[in-house]
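Trainee: Structure below; questions to follow.
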Amino acid sequence: MKCFSKQLLTLLVAVASLAFAQCCTVLQFTNHSFSANAVRLMHALPIFEGANGTVFLDFTASTHKCHADGGWQDFFDLGSHAVPWSAEKEAAEGEACAKYFLGNIDAVVLEAGLGWTELLEISLKRIWKYQPRMKTQLLHVLRSLEAADKPTIAIHVKAHGNTPVQKHLALSAQEYVSLFVKTFPHVKNGTCIIAGGDEAMNAETAALAAQQIGCKTFNRTAVHHQVGDPANVSHGSPQAHCLLTRNLLFDLELLAHTDYFIGTTKSGLSPLIETLRYALYNKDRRTFVTHGGDWYERIREYFHAGHPAPLKH
């Protein structure tokens with residue numbers, strides 16, 4: 001089936017009212033964070049791919065690219081799953097495509113009654129495949145992680161933000177470290193990988209982790225900034241956006257490859273990292289812990305309250 005049935009289109013009117021089934025789809029990226037766009041792309045792709053003709057990705061509004069006509073394909077190999085959009089490519093389809101703003105994809109998922117985690121896992125397995133140059137650079141980063149003292153402990157520190165609401169919801173450096181110590185009291189020493197948008201807070205977290213966990217700090221910037229540092233290129237230029245996105249992806253991969261992970265549900269990167277860890281890199285889901293709740297939290301609380309007595313037959 002090339003196009004949506006009328007019944008399925010009715011299900012998807014949460015985003016746009018379509019009078020008929022167009023035979024191609026354009027998923028329009030926003031100018032929001034990488035994580036917001038990436039997670040929603042992962043949610044959208046299994047819905048549209050193979051059901052409504054060609055899936056185009058429109059990166060016009062996105063800053064996560066290396067040149068004006070760039071986008072996801074600058075970093076990832078899309079394979080046959082999606083095609084970078086252009087007006088010429090859409091015109092070649094013979095009719096206007098159905099257009100979906102990625103910022104509204106959540107409404108489609110809810111309307112269709114689909115599961116967030118399942119969609120994310122399906123898409124990561126399909127398109128989380130790096131371009132050769134990115135793959136080579138990432139290999140160097142991961143070799144540095146492999147050489148670090150074990151265990152490796154990732155702490156993703158979400159920056160406080162500028163608005164009163166963002167500051168109110170933010171966690172302190174101590175809260176991240178305390179969550180690890182409480183959850184894994186017997187894990188000591190090793191190497192801590194501290195990553196986040198506020199380097200001052202990263203440094204504070206690293207100091208507390210050294211005191212309370214005994215871990216050394218992994219110098220991630222020395223490892224993955226070697227090919228180019230955004231500070232050395234024109235602010236706001238395509239080159240700067242390209243380097244910032246590349247470094248973000250390297251940070252994300254470091255966090256996804258460690259033995260343990262600590263973060264917060266208030267970060268959009270957390271669902272990406274969690275799914276990468278267990279779906280692609282075969283990490284034990286019990287090693288992923290987030291402030292605000294995670295997959296294994298209820299089980300931990302059940303047993304921490306006192307091991308239940310065996311049931312009597």
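Trainee: How many of the residues in segment 179-206 are in contact (Cβ under 8 Å) with a residue 24 or more places away in the chain and outside any loop (DSSP other than H, G, I, E, B)?
Mentor: Residues that pass the stated criteria total 14.
Trainee: I'd like to check something: does segment 136-158 contain any residue that is hydroxyl-bearing (S, T, Y), surrounded by 15 or more Cβ atoms within 10 Å (Cβ to Cβ) and at negative phi?
Mentor: Yes - at least one qualifying residue is present in segment 136-158.
Trainee: Take L179 and decide whether it is at pLDDT 85 or above and of a type in the set (A, V, I, L, M, F, W, C).
Mentor: In short, yes.
Trainee: Oh, and also: For segment 82-107, give me each residue that is in a helix (DSSP H, G or I) and among the acidic types (D, E).
Mentor: E88, E90, D106
Trainee: Please specify each residue of segment 270-293 satisfying the condition of being closer than 25 Å to Q174 by Cβ and among the aromatic types (F, W, Y).
Mentor: F288
Trainee: Just wondering, is there one or more residues in segment 81-103 that are without any contact (Cβ under 8 Å) to a residue 60 or more places away in the chain, surrounded by 15 or more Cβ atoms within 10 Å (Cβ to Cβ) and aliphatic (A, V, I, L, M)?
Mentor: yes
Trainee: Would you check if I122 is in the same structural domain as S33 (by TED's automatic domain parsing) and either on the phi > 0 side of the Ramachandran plot or touching a His at 6+ places or on another chain (Cβ under 6 Å) (or both)?
Mentor: no
Trainee: I'd like to know if segment 31-52 contains one or more residues that are in the same structural domain as T117 (by TED's automatic domain parsing), in a loop (DSSP other than H, G, I, E, B) and in contact with a Lys or Arg (Cβ under 7 Å, 6 or more places away or on another chain).
Mentor: Within segment 31-52, none of the residues are in the same structural domain as T117 (by TED's automatic domain parsing), in a loop (DSSP other than H, G, I, E, B) and in contact with a Lys or Arg (Cβ under 7 Å, 6 or more places away or on another chain).
Yes/no per residue for (1) within 15 Å of H241 (Cα to Cα); (2) modelled with pLDDT under 85; (3) within 22 Å of the chain's Cα centre (by Cα); (4) among the charged types (D, E, K, R):
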site: L18; (1), (2), (3), (4): no, yes, no, no
site: Q22; (1), (2), (3), (4): no, yes, no, no
site: V26; (1), (2), (3), (4): no, no, yes, no
site: A44; (1), (2), (3), (4): no, no, yes, no
site: G50; (1), (2), (3), (4): no, yes, no, no
site: G53; (1), (2), (3), (4): no, no, no, no
site: F56; (1), (2), (3), (4): no, no, yes, no
site: A68; (1), (2), (3), (4): yes, no, no, no
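Trainee: Still on this structure, please answer the following. If K129 passes every condition in (1) among the basic types (K, R); (2) touching a Leu at 6+ places or on another chain (Cβ under 8 Å); (3) closer than 29 Å to G53 by Cβ but one, which one does it miss?
Mentor: (2)
Trainee: Look at L110 and say whether it is in a helix (DSSP H, G or I) and closer than 21 Å to Y260 by Cα.
Mentor: Taking the combined requirement at face value, the residue does not satisfy it.
Trainee: Does A44 satisfy the criteria of being in contact with a strand residue (DSSP E or B) (Cβ under 7 Å, 6 or more places away or on another chain), closer than 23 Å to P132 by Cβ and buried (at least 21 other Cβ atoms within 10 Å of the Cβ)?
Mentor: So A44 fails the test.
The values are calculated or read from the model by the stated rules, or taken from the named source; none is laboratory data. Keep in mind that what you see is a predicted model, and the values were worked out from it rather than measured. Ideal geometry is used to build each Cβ from the backbone, glycine not excepted, and the neighbour counts take in all protein chains shown.
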